[in-house]
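Data first, discussion second: the structure below is written as structure tokens.
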Amino acid sequence: MKVLTALVSVGTALSLSPLGLFSRLPELAGLNRRLARELEQTRLSAIEDRTRVEARLALLGRALDARPLIFDRNGGFSQPTPSWERLSGQTWPAYQGDGWRAAIHHGDALEVGFQLDAALSSRQPTDISLRLWRDQEGVFRSYRFRMEPMLNENGELLEWVGCVTDETRAKANLGRLQQQNRELRRELGNMVA
């Protein structure tokens, strides 16, 4: 609003006679400096807000043992995402757009691709179990991948917000528990017989 008011003031000043305009030059220069300060403060405030939101997302991801991810409308990365780089070891040129899908295990890629494409076309949340490459360890690990559409007030798709959660340890623990359960049943069967 301040910028609009200033522009109207400048427009009024320009419509005055040349002599009147010259007499107002110091006032217009002061107005220009004030507008420049206000715009810079607004820009810095926006940067600070974005930094705070990104820090909150990172902390929330650590608290939930998940890596938050932001995807564009098409389900790809439109900007570098350090959390994905740390997870997959992919560089920005490699995972840009749909390139991130190359980190999906080849045995999961077709089914995961179908599920992702269905979610993208229907604009519905998705929750997929898959294996992703962990470059630091040189192995594929099991993950749960969740993605929710972010819509504006008119229902238009803005972007996708998602996260990946490592399930490898939980699956290994479940496997051990199932093995122990089988052994206990076998021992119990031997005791009863």
Around Asp127, with a cut-off of 11 angstrom between Cβ atoms, what is the net charge of the other residues, counting Lys and Arg +1 and Asp and Glu -1? +1
Could you list which residues have their amide H under 5 Å from that of Phe140, counting only those 5 or more apart in sequence or on another chain, with H placed in the peptide plane? Arg134
Rounded to whole Hz, the Karplus (6.51, -1.76, 1.60) HN-Hα couplings of the stretch 90-99, x for glycine and proline: 6, 8, 3, x, 6, 9, 4, x, 8, x
Separation of the Arg144 and Leu184 label points, Cα + 7 Å toward Cβ, nm: 2.3
Summed over the other residues with a beta carbon less than 11 angstrom from that of Asp108, with K and R at +1 and D and E at -1, the charge totals +1
Output ³J(HN,Hα) for the stretch 117-131: one whole-Hz value per residue in order, computed from phi by the Karplus curve 6.51 cos²θ - 1.76 cosθ + 1.60 with θ = phi - 60°, and x for Gly and Pro. 5, 5, 5, 5, 6, 8, 6, 10, x, 9, 9, 10, 9, 7, 10
With a 10 Å radius around each residue's Cβ, average the other Cβ atoms per peptide and rank 24-37, 85-98, highest first. 85-98, 24-37
Karplus-derived 3J(HN,Hα) from phi for the stretch 72-77 (6.51 cos²θ - 1.76 cosθ + 1.60, θ = phi - 60°), whole Hz, x at Gly and Pro, runs 6, 4, 8, x, x, 8
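Coordinate-derived values only; no laboratory data. Since we're looking at a predicted model, the values are computed, not measured. As a convention, Cβ positions derive from the backbone with ideal geometry for all residues, glycine included, and neighbour counts pool all protein chains shown.
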